[in-house]
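All remarks here apply to the structure that follows.
The values are calculated or read from the model by the stated rules, or taken from the named source; none is laboratory data. This structure is a prediction, so every number in the text was calculated from the model and none was measured. Every residue, glycine among them, receives a Cβ derived from its backbone with ideal geometry; neighbour counts consider all protein chains shown. Accessible surface areas use protein heavy atoms only, side chains included; no ligands, DNA or RNA. Shrake-Rupley method; radii C 1.70, N 1.55, O 1.52, S 1.80 Å.
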Amino acid sequence: MKLDRRTFIELAVGFSAGAGGGFMLTPVNWKLMDDMTIWSQELWPRYQLGGLKGRLPQQGKVTHADSVCNLCPGGCGITVRKVGDRATKIEGREGYPVNDGGICPLGAAGLQLLYGPWRIPSPLKRIGKRGSGNFEKISWDEAINKVVQKLGNLRQKGQSHTVACILGSDEGTVPRLFDRFLAAYGSPNFIRTASAEDTYELALGLMQGTTGSVGYDLERANFILSFGSGLIEGWGSPVRVIQAHSTWRSGDLKDRATVVQIEPRLSNTAAKADNWYPINPGTEAALALGLAHVIIKESLYNVDFIGKHTFGFEDWSDSSGKTYMGFKRLVRTEYTPEAVSKITGLPAKKILTLARAFAKAKRPVAVWGRGKGTVSGSLYECMAVHALNALTGNINKPGGVSARPQVATRSWPEVERDATAWSGSRRPRIDGAGSNRYPLTRYLPDRWSQVMNGGKAGAIQALLVHGADPYYTTLDSAAVAKAFEAIPFVVSFSTCLDETAYHADLILPNHHYLERWEDIPTPVGLQKPILGMLKPVVSPQFDTRHAGDVLMTIAKSMGGSVASAFPWDDYETLLKETMGDNWGTLEKAGYIVNEGYKPSAWSKAFGTPSGKFEFYITAFDQAGVKIGKDVGYLPHYEPVQPEGNPATYPLILIPTELMRLADGAVGNPPFCTKTLEETELKKNDLFVEVNPKTAADYGLSEGHHAMLETAKGKAKVLVHLFEGIMPGVIGIPKGLGHAAYDDYLAGKGVSANSLIGVVEDPVTGLSAAWGVRAKLTRV
Amino acid sequence: MKEVHHKADEHHGAHEKTYKYGMVVDLDKCTGCGACMVACMAENNLSFRKDNSDRLRSNLWMRVYKISNGRPFPDTDISFIPRPCQHCEGEGHHHTPCVSVCPATATDYSHETGIVSQVYTRCFGCRYCMAACPYHVRVFNWWDPTWPKGMEKYLNPDVSVRMRGVVEKCSFCYHRYQRAKNKAYAEGRRELHEDEYQTACTQACPAGAITFGDLKNPEHKVHKLKKSRYAFRLLEKLGTNPKIYYVSTRDWGRKAGEVYAGEEPKGVTHVTHA
C-alpha cells in the first residue's frame, strides 16, 4: 500500500479514534466521526439558519422587474430578480441603450441600500446637538408643518431669498419641481452640486453657442486622447464607457483603437491605455496647446472645418480696423513643443509623435473631465482640449463630440409670481453665480459656503437638500461644516442617513430609487437623447414619501401663488402629464431613445455671435465678463496653482477616484467596501499612494503610518508604495471619511474633500484645481 | 411499460451528456472594476463584516488581483486578474488538489459538468483543501454569517448560507446550472444552450471580459477563445489543468501567470498587509 499524505492522515485519525490501533480498517471509527459531526452541528441552531436567528426570508414566485439605476448620473437600465415581494438581485438590463446588460459594482450592490440599516424609517426631527446623530421620529403632518411654518415666516419677513435648495441635478421633473418651488416662493438660490459638466456646458456655450451637455460618440472613435479622465473608473456613464473601452480592445491588434492617457498617476485607465504620458499635475492645458501647435504647424488640421466654420483661428480685425490675435498665432508663438515640454515635463519628441498620431487618426476624440468628473475644473483647460476636437473637425461627426439635447417633454405653465416672489427671485444669488463677477456661471456649488464664512453668515436661513450630499461632496469640508452650522434650518429629503441628513434639523425621507416613479434624463456624456423611467420594483419598505409629493404638499400648504404654481393632484399625475405622448412607451418599455438623432450639420450647428465655432470668444464681451488681456479671449494655459505654500507643503496631493469606491451623494455599500484592495484600506486606516523615491526622501516604507497635512487639514494615513505615481505626488482615494451612515462605512479612512480647498477659476468662479499642496511626515 | 423503459433509457443517456465548463477571461478588457466580485456576493449570499480589510479572513469567491510589472516610474504597468475557483480537472497523475486531500468527501470533481463542488454539510473545517489549493480560492468561515436587520430580504433562496467552521468557494453558480437543467428537462431537452447557463460574474461584467461555456463544445465561444495565442492559465506547471483561461497581449502579464517574470523585479510588485 502506497503511503501518501491522504492515507497517512486517514491512518492517523484512525489510530487516535481507534485508541491504540487495530480498528483503523474497520468502518466503526468513521461512522463515529460522522455521527460526531452531525451531533455537534445539531447543537447549533445556526446550522439551519445561518445566523439569521429565525429571520428566514420568505419564499415566493420568481419574477423580474425592469427599472433604471440612479445611484450615479450613469442612468443604466437594470433588471431586478424578485422572489415574492423581495428584491433579491440587481442585474444589468439586456438591450438597454446605455449599458446593454452590464452593471457596475455600485449598481449591483443597490439592494444593500434598499434593505440596509442606513435607511431613514420615517420623518425625523433632530433632538440633540447638530451632528450628534440624535433624532426623533415624527409624523409626516408634523414634519411638513414645520417646513411650512419656517418657510412661511421667512417669506412674511421678506426673507424668501435666504432659502436655498441644493440638488444633484437640474434636469428631470423632480429637480425642476424644486426650481419651480423657489421661483414661486421667491428665491434665486437653486444650486446644483459640482461636476465637470459645470465647465463643459460653459465651454460649449462659449465656443459653439449651444446649450446642453457634452456628448461623446466614444463607440465609433478610434483614437481616444484623455486628459486625465478616468474612462474606466467611473467617468461619464461608467458601464457605457467600459463597454466602449471593450470595443476599442476588440478585433485584431492592428485594427484596435488607440487610447492615450495623460495623467500624473498610473490609474487603471492609464494602465489599460496604449500610451500613458504622465505630466506635471495641472499642466494639461499646456499639453493640449502644444499638440495644437504641432497640428497647426504641420497643417494636419481639418482645413474645411477650420476655414469655413470657425472664427478666430487666424488673426482678424474688427470694423474699426483693430487687429486681434488668432488662435493660430498664439499657439504657434507660445506653445512650441520645447516650451510645453518645460511646463509639462513630457519630452518634446513625445509631444510631436502624439500630435501627429492624434491628427492623422481617422476618428480622433479628445476627452476632458478629470477622474469621475466630480470636480468642475478649469475653463481654459476645457477650452484648450475642446480646441483639439475642433482642429480635427470632429465636432458633430461620428466618433466625435457634440452638444446633446434632451428628449423633449411637455412644458409646464408659467409660474405666476406674486410681489414677494418677484422681489425675492431678483436678489443676487448667495454663491455669486450670474453676478457681475461671474456672469456666465449658473451655479457655484463650492463657493456658497466660502461666501457665508466670509462675513455673510446669515445669508441662508433655510436649506433644502435633495439628491445630493453637499456636506460630504463639497470641497473644503471644514468650511462647509462651519457654513452648515450657521444655517438655522436644514431639511434633507435623503433616503439614507448621509452626511447632510446627519447634520440636518429635519429629514423627510424620499422613497428609495427601487420604490418610486421618476424620470431619468440622458446619462452624462451620452451622444443620444435618452429618457429612462424609474419604476417601483418593491413597495416602500418604510414610512417614506416621494419627494415630489412632499414638496408639492409643502407648496400647497403655503397657499397663495406658491400653491397655485402646483396645479397637479400629485407627482404621478404631473409625471404622466409632463411625459405627454411618451408616457405609454415609458410605462411599458421603461425608456425612450431617440435613435435617429444626429447632431446638426456644421453650417447650422453654432449659435455663437459669429455663427461659427469660436476660438476667439466674442460672447465674453456680450456677457460682460471682464477679460483683462487679449489672450484671455482664446484657449490658453494659465497655471492653476494648487493651494498651499510650496515651502511648507512640498508635495502635491491629488484625489484618486476608484470604481469600487463611490464618492458622490451615495455612500459606498458594504459589498463595494469589501472589494477594496488591501493597499487601499486596512481596518479603519486609509492608504495614500507614494512613489518609493518620495517615500525614501521622507523615511517612509510600505505600511508606515504618516501624517498628511495640507492648508485645509491633516489626517493620519498609511503609506502604500506605488511605482506608478509621479515622484512628489501623493494619491488619496476619494469616498471614505464618513461620519454618517453606519458601522460599515462610518469612521473608515479620511475624506479627501477635508484636505482639499477651493481654487477659483478666474472666469467662472468654479473650482479649478485638482488637488492641493501637502506634506507627509512619519509618525 | 415500454414507454417507461424508453424514458428511462433516455434519462440514462442524458447522464452521459457531459460538459466541461470553463472560462476565458480577457485581461485586455478587464478594467478591475469589481462588478464580478459584487455580483458574486449578491448571487451567492456572501456575508460581509464591519471590517473586511483583512483578506485572509474575508470570504470572497471571486477575487480580482491587481498585479504590477514592478518597474519604476514611468515604466510601471498594472493588470488585473479576476480569480474564481479554477475548477482544476487534473491530468495524468495530478489530481484536483483540493479533492485529493479532503477527508470528508466534501469536495468533489464532477465529470458531468467539470465543476468542483463544495458540500457545506459534509465539511468539518479541517482546511486541508485550503492548504492544497494553489490558487487560494477557498475561504474559511471564521464566523457565522450575519445580516443587519432587514437585509436578509435580499438573500437568494437558491443558495444556502454557510455556517461558521466550514470552507466555501466559487461553485460556477451551480444553482444556475441546476435551474437551467430543470428547465431543459421540462422542455424535453437534454442539452443546455450556451446562453441559458451563465455565471453571475460573467453576466455582470460590464467589459464583457468574462466568457463562460463548455470548453469542449466547438459551438461555444470559449472553445475558440482559449486557443488564442495570447491565452494562458495560472500555474500551468503544477499540472492542475485548470479550466479558467486568461488572455493578455502583455508579455509580462502572461508570464505573471507562472509567477515568473523573467528577471527579478526591482520595484514593488503585489503587496499584502496580512
Among trypsin sites (Lys or Arg not before Pro) in segment A:370-418, those in a DSSP loop whose Cβ has at most 15 other Cβ atoms within 10 Å are A:Arg410
Too long for a 26 Å Cα-Cα cut-off, among A:Lys322/A:Lys612; A:Lys775/B:Lys66; B:Lys226/B:Lys255; A:Lys372/A:Lys456; A:Lys456/A:Lys734; A:Lys254/A:Lys528, are A:Lys775/B:Lys66; A:Lys372/A:Lys456; A:Lys456/A:Lys734; A:Lys254/A:Lys528
Any trypsin sites (Lys or Arg not before Pro) in segment A:273-358 that lie in a DSSP loop and have at most 11 other Cβ atoms within 10 Å would be A:Lys322
To the nearest 20 debye, segment A:649-779 has a Cα-centred charge dipole, built from +1 on Lys and Arg Cβ and -1 on Asp and Glu Cβ, of 320
In Å, the Kirkwood estimate of hydrodynamic radius for segment A:623-776 over Cα pairs equals 16.8
Among A:Ala421, A:Ala774, A:Leu113, the residue whose Cα sits farthest towards the positive end of the charge dipole of chain A, when +1 is placed on the Cβ of each Lys and Arg and -1 on the Cβ of each Asp and Glu, is A:Ala774
Excluding residues fewer than 8 positions from A:Lys349 in its own chain, the aspartates and glutamates with Cα under 12 Å of it are A:Glu338
Computed on Cα atoms only, the convex hull of segment A:415-540 has an orientation-averaged projected area in nm² of 10.6
Length gained, A:Thr26-A:Thr333, 0.36 nm per residue minus C-alpha separation, equals 101.1 nm
For segment A:343-496, the dipole about the Cα centre with charges only on Cβ (Lys and Arg +1, Asp and Glu -1), to the nearest 20 debye, works out at 1000
Between B:Val119 and A:Arg356, the two model label points (7 Å from Cα along the beta-carbon direction) sit apart by a distance in nm of 6.8
Over 27 Å (Cα to Cα) among A:Lys31/B:Lys243; A:Lys397/B:Lys221; A:Lys125/B:Lys149; A:Lys137/B:Lys149; A:Lys482/A:Lys674 -> A:Lys31/B:Lys243; A:Lys397/B:Lys221; A:Lys482/A:Lys674
Percent of all Cα-Cα pairs per 20 Å bin for the protein assembly as shown, counting from 0 up to the last occupied bin, reads 12, 42, 34, 10, 2, 0
Toy charge model, Lys and Arg Cβ at +1, Asp and Glu Cβ at -1: chain A dipole around Cα centroid in debye, rounded to 20, equals 460
Reported to the nearest 10 Å², B:Arg122 has, with a 1.4 Å probe, an accessible area equal to 120
Per-residue average of other protein chain Cβ atoms inside 10 Å, peptide A:263-270 -> 3
Mean separation of Cα contacts under 8 Å (at least 6 apart) over the residue count of segment A:651-778, i.e. the relative contact order in percent, is 35
The simple spin-label model distance between A:Glu577 and B:Lys255, using points 7 Å out along Cα→Cβ, in nm, is 7.0
Per residue of A:667-674, other chain Cβ atoms within 10 Å number on average 6
Partner aspartates and glutamates whose C-alpha sits under 14 Å from that of A:Lys360, ignoring same-chain residues fewer than 8 away, are A:Glu298
From DSSP H assignment alone, runs of 4+ in chain A each adding -39500 (n - 2.57), the sum over residues rounded to the nearest 500 puts [θ] at 222 nm at -9000 deg cm²/dmol
Ranking A:Gly312, A:Thr441, B:Pro206 by how far each Cα lies towards the positive end of the charge dipole of the protein assembly as shown (+1 on Lys and Arg Cβ, -1 on Asp and Glu Cβ), the top one is B:Pro206
Scoring segment A:608-711 by relative contact order with C-alpha pairs under 8 Å, at least six apart, yields a percentage of 17
Long-range amide H partners of A:Leu464, meaning residues 5 or more apart or on another chain whose placed amide H is closer than 5 Å, are A:Ala164, A:Cys165, A:Ile166, A:Val491
By the Cα gyration tensor axes a ≥ b ≥ c (a/c under 1.5 gives rounded; else a/b larger than b/c gives prolate, otherwise oblate), the shape of segment B:15-256 is rounded
Per the C-alpha gyration tensor (a ≥ b ≥ c, the square roots of its eigenvalues), segment A:625-672 is rounded if a/c is under 1.5, else prolate if a/b beats b/c, else oblate; here it's oblate
Per the charge dipole of the protein assembly as shown (beta-carbon charges, Lys/Arg positive, Asp/Glu negative, Cα centre), the residue among B:His193, A:Ala468, B:His111 reaching farthest to the positive end is B:His111
Scalar couplings 3J(HN,Hα) for segment B:193-201 by Karplus 6.51 cos²θ - 1.76 cosθ + 1.60 (θ = phi - 60°), nearest whole Hz, x for Gly and Pro, are 6, 4, 7, 8, 10, 9, 6, 5, 5
Shape call for segment A:347-462, from the Cα gyration tensor axes a ≥ b ≥ c (a/c under 1.5 means rounded, otherwise prolate when a/b beats b/c, else oblate), comes out oblate
Scalar couplings 3J(HN,Hα) for segment A:305-321 by Karplus 6.51 cos²θ - 1.76 cosθ + 1.60 (θ = phi - 60°), nearest whole Hz, x for Gly and Pro, are 5, 5, x, 9, 10, 10, 10, x, 6, 8, 4, 9, 10, 8, 4, 7, x
The simple spin-label model distance between A:Leu300 and A:Lys714, using points 7 Å out along Cα→Cβ, in nm, is 4.8
Ordered by number, the chymotrypsin sites (Phe, Trp or Tyr not before Pro) in segment B:84-148 that occupy a DSSP loop and have at most 16 other Cβ atoms within 10 Å are B:Trp142, B:Trp143
The longest stretch of chain A containing none of the GluC sites (Glu not before Pro) that sit in a DSSP loop with at most 13 other Cβ atoms within 10 Å is A:95-297
From DSSP H assignment alone, runs of 4+ in chain B each adding -39500 (n - 2.57), the sum over residues rounded to the nearest 500 puts [θ] at 222 nm at -6000 deg cm²/dmol
So the FRET efficiency between A:Lys322 and A:Gln641, C-beta based with R0 = 35 Å and rounded to 0.05, is 0.60
With x for Gly and Pro, the residue-by-residue ³J(HN,Hα) of segment A:575-590, computed from phi through the Karplus equation 6.51 cos²θ - 1.76 cosθ + 1.60 at θ = phi - 60° and given in whole Hz, is 4, 4, 4, 5, 6, x, 5, 6, 4, x, 5, 5, 5, 7, 7, x
Per the rule of 0.36 nm per residue minus the C-alpha distance, extending A:Ser539 to A:Asp85 adds in nm 162.6 nm
Restricting to Cα pairs under 8 Å and 6 or more apart, the percent relative contact order of chain A works out to 17
Between A:Leu736 and residues 5 or more places away or on another chain, the pairs with built amide H atoms under 5 Å apart involve A:Ala752
In this structure, the FRET efficiency calculated for A:Lys125 and A:Lys482 from their beta-carbon separation, with R0 = 30 Å, to the nearest 0.05, is 0.80
